[in-house]
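The values are calculated or read from the model by the stated rules, or taken from the named source; none is laboratory data. Predicted model only: the values in this text are computed from it and were never measured. Neighbour counts are summed over all protein chains in view; Cβ atoms, including those assigned to glycine, are modelled from backbone coordinates with ideal geometry. The area values use the complete protein model at the heavy-atom level, side chains included, leaving out ligands, DNA and RNA. Shrake-Rupley method; radii C 1.70, N 1.55, O 1.52, S 1.80 Å.
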Amino acid sequence: MKKQHAHSAVRAAQLDMEASLAERKPFFASILLGIGTGFSTVSILLLMIQH
């Protein structure tokens, strides 16, 4: 019984997290885009320096 309760608590937490992620999705998308652009810029610069 206790295990079932823990599982439902975990599931509730997951649903809560998914809801808050859905609210902040544009924010995270822009961060990921920024990080991806930053990484590609850095890797291009490193390739140019090495050659």
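From the list 3, 25, exactly one residue is surrounded by 10 or more Cβ atoms within 10 Å (Cβ to Cβ), at pLDDT below 90 and in a helix (DSSP H, G or I). Which is it? Result of the check over 3, 25: 25.
State all residues of segment 6-17 that are open to solvent by 60 Å² or more (accessible area, probe 1.4 Å) and either outside any helix (DSSP H, G or I) or at pLDDT below 85 (or both); if no residue qualifies, say none.
Listed by number, the residues that qualify are 7, 17.
The single condition among (1) open to solvent by 70 Å² or more (accessible area, probe 1.4 Å); (2) at pLDDT below 90 that residue 20 does not meet is (1).
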